[in-house]
Structure formats: structure tokens, C-alpha cells
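Read the figures in this text as sums done on the coordinates, not as results from a lab. All figures in this text were calculated on a predicted structure; none of them were measured in a lab. Here Cβ is always computed from backbone atoms with ideal geometry, including for glycine, and neighbour counts include all displayed protein chains.
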């Protein structure tokens with residue numbers, strides 16, 4: 001009998017995980033849409049998810065490496081053999097007392113993701129599949145006002161009042177990595193009289209819709225904001241009532257002293273924004289009923305923590321915390337624990353950055369996950385022995401691709417790989433898979449169960465959402481969560497006593513008076529619909545050690561980093577003669593960065609419906625200076641890498657910058673491998689190999705790179 | 001005059017191409033298993049124009065689909081009488097059973113929006129989701145538009161809405177049934 005119905009579930013074409021509906025006709029997914037109960041939007045990546053689901057290149061059986069790592073040669077094996085290989089190696093590791101040398105790079109879909117539970121049971125650590133994105137933002141907010149540590153806490157644009165200022169600094173929210181309803185909400189806010197200010201060295205779609213585009217020198221954001229803060233305090237334009245009540249005693253005076261020489265004129269020399277514009281933006285922010293700030297690429301530079309600190313200070317002195325249109329301070333849904341839970345090992349004692357020869361350098365490292373960018377170094381040091389990766393593509397996403405490849409192929413005197421086992425779960429062929437020992441076919445969001453309740457979901461459109469299978473799995477694909485639960489049942493039955501993933505989620509949901517069945521009956525969402533504002537007034541405190549806003553980061557006083565430096569990242573301050581261009585690796589809505597499932601999606605790499613090219617972009621002024629013609633194939637070279645790629649001239653980029661989209665360069669999969677495009681991480685240095693130059697306070701922000709370009 | 005239309009608001013279009021993929025999915029234009037980039041039919045495309053020189057720049061994005069012309073050249077060009085402008089809605093439709101695959105309509109279309117199915121030899125294009133709009137639904141592209149840049153309805157009423165919002169019709173883009181507006 002013919003059947004067609006819309007089923008609520010969750011998208012996973014990117015990490016935003018928007019709530020969606022899927023139309024399933026006779027067992028086949030035909031269409032997808034945003035779920036109207038959760039603001040009802042879905043972006044182009046999500047729409048193309050059906051192509052990921054049905055691509056003939058789907059991985060359908062577990063694969064075991066037969067050649068050397070990097071050759072990409074495999075033979076099909078059964079699931080039992082695959083499980084035996086993982087169990088044997090992990091048991092051996094634990095027996096050696098080296099459980100902490102196991103790391104799983106993943107994107108946890110909840111704070112109690114079953115994969116994370118498995119890692120804890122082994123005694124290992126996770127590093128996120130979003131290795132370097134915005135941990136500096138997380139840590140800066142956490143240090144300053146105790147914001148719950150999570151990733152994409154975008155400002156809630158639907159709450160921005162008339163006259164509110166929305167600042168995007170190196171941020172591409174129209175790319176929908178927070179939620180597909182963000183573009184619509186920003187445009188609506190503009191229609192009701194909010195102002196959009198875009199600070200970016202590249203004129204992109206957000207800039208085209210902005211009231212004001214401010215081209216900035218990359219890495220100059222901290223200087224710009226410190227100049228603004230200087231002007232606001234000097235003129236007494238700050239929110240005095242808010243600061244008097246909530247800022248730790250003495251911090252405002254210390255801030256004023258620190259800012260004394262950070263004049264707009266002085267800061268202008270660093271960020272290349274005219275001093276008059278710094279003053280204008282400062283006065284705009286001080287007078288506005290709300291200010292929101294969001295950044296992404298800019299927070300990934302070597303001065304990310306300084307920029308995050310300066311940005312946090314501006315939010316505080318203008319009183320823009322947890323107010324409509326300001327910086328939200330989200331809370332997490334109080335799920336019930338599944339007991340007994342394996343205790344997490346202490347990242348301050350163990351973990352690959354803590355147990356190797358460089359451990360002393362990490363004394364001030366306070367991010368709560370392993371620094372992904374240190375993985376290659378850890379393999380070289382022998383402190384990372386077993387590595388699992390799900391929903392990420394480190395071969396392309398790790399900075400210093402060359403060093404990463406060197407590390408994963410390093411052998412000991414006996415001829416064995418130093419990284420003893422490398423397991424990848426994937427949906428479609430990925431660059432990382434080429435280097436893996438074991439490749440496990442994973443399921444798309446259309447085939448699997450998942451409970452999602454991370455607090456980063458933009459605007460709390462869904463506080464908890466259930467991803468449910470809407471069609472039968474393709475081939476022998478198994479969801480990584482289920483694989484880790486099954487492995488957990490073999491190895492740690494006490495921690496995996498529940499029946500399966502669905503029962504695990506059911507127990508958790510009892511914490512909010514829900515069950516999987518109740519949620520599914522309610523449209524696969526649980527969302528009380530309130531975010532609440534100024535919640536610190538209810539509790540009388542911020543989530544910091546002092547309970548107040550801490551502008552000065554006293555824990556870094558001994559290393560002289562208690563206040564933000566206005567300077568550009570170190571890499572941008574030197575070698576300008578040898579490498580005249582600053583590399584700006586930007587993002588696009590059409591691809592989930594290095595994600596193999598979007599790079600190998602024919603609709604997303606189609607020139608009409610996606611993006612199929614990635615030339616290095618230069619301002620025509622620079623092109624002319626170099627004697628290049630538009631379309632020439634050029635050599636782009638950094639201190640650590642070199643690529644050949646076509647060049648395109650465009651007025652949209654600031655002179656002195658060279659732009660390239662992050663995420664290309666895959667050689668696996670016939671869609672992803674199209675064209676002569678390259679990965680930006682071929683040019684970016686491996687941060688682990690030059691630790692002395694890194695800010696090791698917790699921001700994983702080290703992508704700053706200079707390049708030279710020649711024919 | 002009876003004429004249904006889509007109004008494209010250039011103040012809101014962000015060129016995200018969500019409409020293109022949603023349209024393809026709905027109309028079954030993609031073989032998800034085998035299609036390769038550059039080989040798939042599409043009833044819409046995104047165009048954009050960057051103007052000015054650094055740092056004074058402006059950029060517009062818009063979508064182009066069948067304009068459901070007032071006097072469609074494709075109708076005149078079709079040797080088999082397969083194309084007609086629907087009297088009730090003003091939608092230009094190609095009758096698949098009558099189309100012989102001559103390709104003449106494709107040559108004559110000033111907007112280059114007519115697609116050709118080489119395997120089954122027939123021309124096809126946007127029909128404003130005729131089968132949906134008959135039952136009170138919106139065309140797929142309008143329903144899914146990420147930026148709410150598209151609106152659907154009687155052309156005259158859309159013009160009234162544009163005027164009320166202080167938006168002007170950009171005649172340079174089209175003088176046919178699809179409206180392009182901007183503040």
C-alpha cells in the first residue's frame with residue numbers, strides 16, 4: 001500500500017542539528033523541511049542530506065586496512081571481527097596502565113553522549129571533532145562571567161530590540177552553523193530597526209546586508225574592542241549600575257588603568273580601522289538598547305583568548321549579559337544520570353598533553369577537552385596510542401596536515417606504527433579513512449536514534465530533540481553510538497547494563513519528566529519555550545569563583561596574561577617581508593567544512609546548488625602588484641607548506657589578505673576529489689610542533705598563517 | 001488578468017541555494033545515488049552582482065526561475081503545441097505527453113531556465129508547483145526560503161505588499177510575471 005508521511009527527526013548535515021521533518025514515501029526519504037515546532041527552517045546542507053543518505057559511495061561494511069596507512073587499501077570484514085580488534089587493543093592498553101593514551105575525537109551530541117561514556121570507562125579522553133573552532137570564546141566567557149562552557153552560543157537574534165546592535169566579527173551566521181533560522185532572525189531584527197555591523201577582511205553575504213561593513217586587519221579584533229572600551233570608559237558611557245552591582249570589586253579601576261594607553265588612535269594602528277570609526281562604533285554600542293557580538297574565524301587566531309577577553313569586557317561594561325539582544329547565558333536541561341556512571345579521568349593529571357615531555361607547558365591550560373591540535377605531537381611523543389574518530393576528518397581539519405600524516409605513519413624500530421590503532425567511523429569516504437586501520441560504516445541521521453540536548457542550540461528552539469530512524473539502514477551501517485555501547489557491554493558490563501541506546505535515553509529523559517515515547521508523541525521535541533533573561537538576578541550571582549564578573553583573569557597573572565593583549569597574533573607580526581599576505585581561511589554555507597558527508601555530496605558540490613571551486617582570492621591591487629592574471633595557477637607558500645591553486649581577483653577582499661575556503665582537499669570519494677582545490681591546513685603550521693609560540697591558556701586558536709604567492 | 005507570481009525580495013535573498021535543492025527533491029530531479037555535480041536539472045538558479053571597488057562595495061543576490069512570460073516565446077517556438085499559459089493561473093506549463101523533445105523552447109527562452117531530460121527526451125521547468133498551489137500550498141521554494149525572501153500569490157497583490165513596504169520593482173531583472181523588488 002502506498003504510504004507517504006512527514007516524520008519529525010533531526011538533521012545532521014552539520015553540527016547545528018536543526019529539528020526537521022522528513023517525508024518518507026514507501027520506505028524512502030523524498031523530502032525534508034525545518035520542523036515548524038522549532039522555527040521551521042532548514043538550510044541547503046540539510047536539504048541535500050538525502051543525497052548523503054542514498055549516495056552509491058556510502059560505506060556499507062566494516063573495512064580493515066590491507067596496505068600501509070595512507071594507501072587507502074582495505075578488505076571487507078564482519079562486525080564481529082571489527083569489534084574483536086577494538087576490544088583486544090583496548091584491553092591490552094588498559095592492562096599496560098595506559099588507558100589514558102586512548103582518545104576519541106568526536107562531536108558529543110549531548111553531555112552524556114554514549115561514546116563519551118565509553119571513553120570514560122576506558123580511562124581515555126575526548127577531543128572534539130570541532131578541533132580549533134571557538135574554545136577561546138568558550139574559555140573567555142567562562143573565565144569572565146561563568147557562562148556554561150559550550151560551543152555555539154549565538155546571540156538570540158530573535159530577541160534583539162529596535163536599535164539593538166548586532167556585531168559579527170569574522171562570523172558567517174548565514175552559513176547556518178548555529179541554526180537554520182538564524183539568517184531569517186537577523187534579517188527580521190534588521191527590519192524592526194536593529195543595526196547589523198560586520199567586521200571582516202572579506203566582504204561576504206552578511207556584509208552585503210549590513211548597515212556597516214568594517215574591513216579589519218585579520219587578528220585586529222582585540223585591538224578594536226579595547227579601543228572601544230577605552231573610549232566608553234573615558235567618556236563615562238558604560239553601564240554604571242550594572243558594573244557597580246555585578247563586577248568584582250576593584251576590577252573596574254584596574255580595567256581603567258589597563259585601558260589607559262589603549263586609545264582609539266593607538267588601537268587603530270594595530271587593527272587598521274580608523275580611530276574615528278572605533279569611536280563611532282563605541283558610541284553606537286554604548287547608546288544601543290542591546291549589543292550582541294559573535295565571532296568565529298577571528299577567535300581561531302593565536303590571540304583568540306585576548307580577543308575573547310576583550311569582547312567579554314565590552315559585553316560587561318555595556319551591560320549586555322543575558323538580556324534581550326545581548327549575550328545569552330544558557331542553562332542545560334537537567335537530565336537524569338544513568339547509574340552507575342564511569343568516572344571521568346582527570347585531564348589535569350593525565351591525557352596526552354599532560355603525560356608527555358611537554359607537560360609543564362600546559363600548567364595554564366584549562367580547556368576541558370584534549371587539545372586536538374596536539375594530537376600529532378602526542379603520537380610522536382608516544383602519549384597517544386589508540387585513536388578513534390567519529391564525525392570528524394582530522395586528516396584535513398588538523399592544522400599542519402603534513403605533520404599529522406607524518407605522525408600517523410610513524411613507525412618504531414620493530415616496524416610497527418607508533419599509533420597502535422586508528423579507528424574511523426564514517427558515512428562516506430573521507431580523507432582520514434585513508435590513514436585508518438579500521439573503518440566502520442556509520443549511519444546518517446535518517447537511520448539512527450540519538451537524544452540531543454546540548455545547550456548551544458540557538459534560541460532553545462528545541463531543548464531536547466530526538467533523532468529517530470525514518471528508514472532502514474543502508475548496508476551493514478551501524479551508528480557509532482550503538483557500536484560503542486556494544487563494545488562497552490563487552491568490556492565494562494557494569495556501566496552498560498541498560499538494554500540499548502533507546503533505553504539509555506529513556507532513563508536520561510526521566511530527569512525532565514519525559515520518555516522517548518512521550519517526546520516522539522510530542523513531535524520529537526521537548527521545549528518549554530522559555531530562555532529567561534538576567535537569570536543572575538534570580539540567583540544573585542554569576543557562575544565564577546567570586547560569584548561576580550571577573551574582568552581581570554588573576555589565574556594568569558603569573559604569566560602576565562591577566563589582561564588582554566591588543567597585539568596581532570605573533571605570526572602576523574613577523575616575516576611580513578618574506579610572506580606578505582595574511583591567510584584568511586573562511587567558510588561557506590554549502591559545505592560542512594572538512595565533513596566528508598558534505599564534501600562528497602553531489603548537490604553540495606554542484607555549481608548550481610552548491611560550491612565546486614576554491615581558488616585563492618586576492619584583491620586586484622595585489623594581483624597587479626604580483627604580475628598575475630586572473631585565473632593563473634599560482635604557488636601559495638607558508639613557512640611550513642606549499643600548494644598550487646588557481647587565483648581569482650575580487651574587490652571583496654582587503655588588500656594584503658589571501659582568502660581560501662576551509663575544508664577542501666579531499667582525495668577520497670569521486671565527488672570530493674573533483675578539481676584542483678586544496679586544503680588550507682596544508683599551509684597552516686602544526687601548533688603542537690612549536691609550543692613556545694602558542695597561547696596555552698585553553699583557546700585552541702592557532703590558525704594564524706602568513707603566505708607568499710607567486711606564479 | 002489572472003497571474004500568480006513569486007516576488008523575490010533582494011533585501012532578503014542571501015543566495016543560499018536552499019530553494020534549488022528543496023525544489024529538486026520535491027520534483028524528483030536528482031538521482032541521489034548516482035548524480036554528479038554539473039549533471040543535475042534545476043528549476044531555479046542563484047545570480048548575484050558585486051558592485052563598487054574596495055572598500056565601497058554592494059552586492060545583491062536573487063533567484064531566477066521560469067518567468068511565466070506574458071507572451072511566452074517558448075509557446076511560439078514549440079513545434080508540437082506542448083506548451084500553454086494556463087488561463088486560470090497564468091502559469092506556463094509544458095505537457096509532457098505532447099513534448100517531442102525538439103529543444104526549440106530551450107533555444108528561445110530568454111531566461112535560460114528550461115531543462116532537458118536527455119534520456120527520456122522531454123523539456124521541463126518550473127510550473128510554480130502547479131500541483132501544490134491548486135490545493136492551497138505554496139511553491140516549494142517559497143515554503144523553504146531560509147531568509148523569507150520569496151513570497152507567492154496574485155501578482156497584483158504582491159505588488160501592493162511591495163509598495164506598502166516601500167520596495168520598488170526592479171524592472172531590469174524582469175518585466176514578466178516574477179517580481180524582483182528592493183528598498
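When A:385, B:17, B:56 are arranged by Cβ crowding within 10 Å, least crowded first, meaning fewest neighbours, the order is B:56, A:385, B:17.
Taking 0.36 nm per residue of sequence separation and removing the Cα-Cα distance, the residue A:5/residue A:348 pair yields an extension gain of 118.4 nm. For A:374, B:180, A:495, the sequence from fewest to most other C-beta atoms within 10 Å is A:495, B:180, A:374.
Within the stretch A:154-327, the percentage of alpha carbon pairs spaced more than 21 angstrom apart rounds to 44%. Between B:31, B:117, B:127, the GNM of chain B built on Cα springs shorter than 10 angstrom shows B:31 fluctuating the most. Here residue A:266 and residue B:2 are evaluated by their C-beta separation; at R0 = 51 Å the FRET efficiency comes out at 0.15. Taking label positions 7 Å along the Cα-Cβ direction at both residue A:471 and residue A:91, the computed distance is 3.9 nm, reported to one decimal.
Reported to the nearest whole Å, the Cα centre-to-centre distance from the stretch A:1-48 to the stretch B:89-166 is 24.
Remark: C-alpha extents of the stretch B:4-182 on the principal axes read 50, 38, 30 Å, sorted largest to smallest. Remark: A:127, A:355, B:177 ranked as A:355, B:177, A:127, counting other beta-carbon atoms within 10 Å and listing the fewest first. For a test of the definition: using alpha carbon positions, the gyration tensor, and the 1.5 limit on a/c, classify the stretch A:291-428 as rounded, prolate or oblate. Taking the square roots of the gyration eigenvalues as a ≥ b ≥ c, the stretch A:291-428 is prolate.
Once C-alpha pairs closer than 8 Å and six or more residues apart are averaged by separation and normalised to the residue number of chain B, the relative contact order reads 32 percent.
Computed log10 I(q)/I(0) for chain A at 0.05, 0.09, 0.10, 0.11 Å⁻¹: -0.22, -0.77, -0.98, -1.21, from the Debye equation with unit scatterers placed on every C-alpha and solvent omitted. For the stretch A:43-186, the square roots a ≥ b ≥ c of the C-alpha gyration tensor eigenvalues yield an a/c of 1.5 or more together with a/b not exceeding b/c, which makes the shape oblate.
Residues considered: B:145, B:66, B:16. Largest GNM mean-square fluctuation over chain B, using C-alpha springs under 10 Å, is found at B:16. Using 0.36 nm per residue and subtracting the Cα-Cα separation, the extra length available between residue A:539 and residue A:409 on full extension is 41.5 nm. Of all DSSP beta bridges confined to chain A, the antiparallel ones make up roughly 45%. Centre-to-centre, using Cα atoms only, the stretch A:379-458 and the stretch B:38-56 are separated by 36 Å. What is the Å³ per residue value for the convex hull set by the Cα atoms of the stretch A:570-710? Taking only Cα atoms, the stretch A:570-710 has a hull volume of 120 Å³ per residue. For a modelled paramagnetic label at residue A:557, 7 Å from Cα along Cα-to-Cβ, the residues of the stretch A:250-274 in reach, with backbone nitrogen under 15 Å, are A:250-255, A:258.
Our summary gives chain A a relative contact order of 20 percent, counting only alpha carbon pairs under 8 angstrom and 6 or more residues apart. Across the stretch A:154-327, the mean sequence separation of Cα contacts (distance under 8 Å, 6 or more residues apart), normalised by length, yields a relative contact order of 33 percent. The helix-only estimate of mean residue ellipticity at 222 nm for chain B, built from DSSP H runs of length n ≥ 4 each weighted as -39500 (n - 2.57), is -5000 deg cm²/dmol after division by the residue total. For chain A, adding -39500 (n - 2.57) for each run of n ≥ 4 DSSP H residues and dividing by the number of residues yields -7500 deg cm²/dmol at 222 nm. For residue A:368 and residue A:517, a Förster radius of 30 Å and the Cβ-Cβ distance give a FRET efficiency of 0.35, rounded to the nearest 0.05. Modelled spin labels at residue B:170 and residue A:625, positioned 7 Å past Cα toward Cβ, are 3.3 nm from each other. Cβ-Cβ distance of residue A:245 and residue A:336, R₀ of 41 Å, FRET efficiency by 1/(1 + (r/R0)^6): the value works out to about 0.70. From the Cα gyration tensor of the stretch A:227-321, with a ≥ b ≥ c the square roots of its eigenvalues, which class applies: rounded if a/c is under 1.5, or else prolate if a/b is larger than b/c, or else oblate? Cα axes put the stretch A:227-321 in the rounded bin. Our note on the geometry: Cα centres of the stretch A:654-700 and the stretch B:1-33, 33 Å apart. Projected label points at residue A:253 and residue A:546, each 7 Å from Cα along the beta carbon direction, are separated by 1.2 nanometres.
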